[in-house]
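Scroll down for the structure; my scribbles are underneath it.
The values are calculated or read from the model by the stated rules, or taken from the named source; none is laboratory data. Keep in mind the model is a prediction, meaning the values are calculated, not measured. Cβ sites come from the backbone with ideal geometry, for glycine too, and all protein chains shown count toward neighbours. Each accessible area value is taken on the protein alone, full model and side chains, heavy atoms only, with ligands, DNA and RNA left out. Shrake-Rupley method; radii C 1.70, N 1.55, O 1.52, S 1.80 Å.
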Amino acid sequence: MKNIVLTHATVVTMNKQRKIVRDGAVVIEGNKIVDVGKTSEIKKKHAIDAEINCENKLVLPGFVDCHVHLAQALIRGCADDLSLVPWLRERVLPMQGTYSAKEGKLSAELCILEMIKSGTTAFVESLLHWRYGFDEIARVVEASGMRGALSKSLMNLRGYADQPDAIPEGMVEDGETTMKQTLEMIKKWHGKANDRIHVWFGARTPGACTVEFYKEIAEQARKHRTGITIHLGEVKQDIDYMRKEFKMTPMQFMEHCGIVGEHVIYAHGVWIPPEDFAILRKTKSTVCHCPASNLKLASGFAKVPEMLAAGVNVALGCDGGPSDNCYDMIREMKLAAVVHKGRLLDPLVLPAEQVLEMATINGARATTWGENLGSLERGKLADLVVVDQRKPHLVPVRNPISNLVYAANGGDVDTVIIDGKIVMQDREVKTMDEPAILERVQKEGLAPDKKLGLDINSSWPVV
Ligand SMILES: [Zn+2]
């Protein structure tokens, strides 16, 4: 089997000892990593078929974005500087409610292109409404070379916390249909594209599902050995609702419904109280921190250093185009690393290394690829990224992890390999037609605005 060997790199292995190898090399055969070590030793051991010289570059595991809305790339910037209720009810949900599979596909292409260009190699999509066109989106993932868990949205009520009619007409789905569609998509797509595509259950937030429906989702996910993701405790109303309606904390409620476990991801978790941390740890469930979204929507501060100290698995996510406005995990890492220092008046919390763990190995652990992903070690899946350090903002290099988390951005990612295939090299995406996608987005991207008669622009006069 022909190999690809990345040589002369600073290799951030993320192995158990978190070893960083200077002048290191990574050997890839098929879709697996077969060796990692010093370049000089690797060159003695292996005949090289294709060498990628990574001098002055970092090689590290690709980022795992654990909370993505593919359909929201196209509505980037549609609802800035608004509070959550008008944000959701006047802009985001109605705009997504105009989608056909055409917008769904274009948005997924744009989102995946942006993720590849900023070094994300695996993602968990949170809520795919049927109207976005599940099949077409899965085909985009397949063709792009990306690794993705696609969660079909499930709901059997149309509320959001204590607001019973919060979900507008175009976004309402019914329980029986959403369950049937999810099971169909599992049958059709789970494990496809050489196991790069997984299908998950995307349960809607409390207020949109009955307890019985949550229990059914949990049972089906266990039966099909796949994951569940749900927005949990994003805003205070969520936990007030669970306390009032069910007399439970969010994690007591999730445990009661059976929505806990190794492949369960709670997006945001801003308002998960400390008394719930023990349930999170015991059940090995994951909280996905989305700092940009939480700050921009003024949702609050997730207790991330506190959860990590309590042994909870915390991952990182970019959320969507109207909340974070970009899908760049490097920018997200910086925000995660700095915001909690300010919140706790303690510069020692969340060092760069711990944030990189959140963006790679912690996220990987939560996915259904689990231990096969998230570090550069023999036998693991070959999902890795190369970051060019020869930039004015990335020199001198003392601690390469510090430069990556505090000074880099997604534009510094030079090469991306997913499942052993070169998906981007020297910033050129091999699997997608970038100029054509940008052209189409420019032409057709404002279709939701037009359908709703919205004219969204700067508050300044535009002449
Ligand atoms: Zn979200």
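Structure values in brief
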| quantity | calculated |
| --- | --- |
| For the stretch 198-336: Kirkwood Rh in Å [reciprocal of mean 1/r, alpha carbons] | 15.1 Å |
| For S458, solvent-accessible area (1.4 Å; no DNA, RNA or ligand), Å² | 60 Å² |
| Local electrostatic count at K215 - Lys and Arg +1, Asp and Glu -1, tallied over other residues with Cβ under 12 Å | -3 |
| Label-point gap, in nm, between E444 and K180 - each point 7 angstrom along Cα→Cβ | 2.9 nm |
| Accessible area, probe 1.4 Å, largest first, for residues L308, L446, L356, L344 | L446, L344, L308, L356 |
| Net charge dipole size for the chain [Lys, Arg +1 and Asp, Glu -1 on Cβ; Debye, nearest 20] | 1080 debye |
| Heavy-atom accessible area ranking, 1.4 Å probe, most first, across S151, S83 | S83, S151 |
| V462 accessible area, assembled protein chains, probe 1.4 Å, Å² | 100 Å² |
| Accessible heavy-atom area order of L88, L376, highest first, probe of 1.4 Å | L88, L376 |
| Added length on full extension, which subtracts the Cα-Cα distance from 0.36 nm per residue, K16 to L344 | 115.2 nm |
| The stretch 83-198 - Debye-derived log10 I(q)/I(0), Cα point model, q = 0.11, 0.17, 0.21 Å⁻¹ | -0.39, -0.89, -1.20 |
| Fraction of accessible area attributable to carbon and sulfur, the chain (%, probe 1.4 Å) | 52 percent |
| Debye log10 I(q)/I(0) for the chain, one point scatterer per Cα, at q = 0.06, 0.13, 0.14 Å⁻¹ | -0.24, -1.18, -1.36 |
| Cβ-defined net charge surrounding D80, 15 Å radius [Lys, Arg +1; Asp, Glu -1] | -3 |
| Partnerless Cys - the chain, beta-carbon criterion under 4.7 Å | C54, C78, C111, C209, C257, C290, C318, C326 |
| Length gained when the stretch V395-R378 is fully extended (0.36 nm per residue, less Cα-Cα span) | 3.1 nm |
| 25 Å Cα-Cα reach of K187 towards lysines, excluding residues that sit fewer than 8 places from it in its own chain | K102, K105, K152, K215, K223 |
| Neighbourhood net charge (11 Å Cβ-Cβ; Lys/Arg +1, Asp/Glu -1) for S459 | -2 |
| FRET efficiency for S402 and D426, using Cβ-Cβ distance with R0 set to 30 Å, rounded to 0.05 | 0.75 |
| Average accessible surface area per residue within the stretch 341-429, 1.4 Å rolling probe, Å² | 40 Å² |
| 1.4 Å probe accessible area per residue over the stretch 88-238, in Å² | 33 Å² |
| Segment K38-A143, length gained on full extension (0.36 nm per residue, minus Cα span) | 34.4 nm |
| Value of Rg to Rh for the stretch 275-417 (Rh from inverse mean 1/r over Cα pairs, i.e. Kirkwood) | 0.96 |
| Area accessible to solvent at H69, 1.4 Å probe radius, in Å² | 20 Å² |
| CD proxy at 222 nm, helix term only [per DSSP H run n ≥ 4: -39500 (n - 2.57); per residue of the chain; nearest 500] | -9000 deg cm²/dmol |
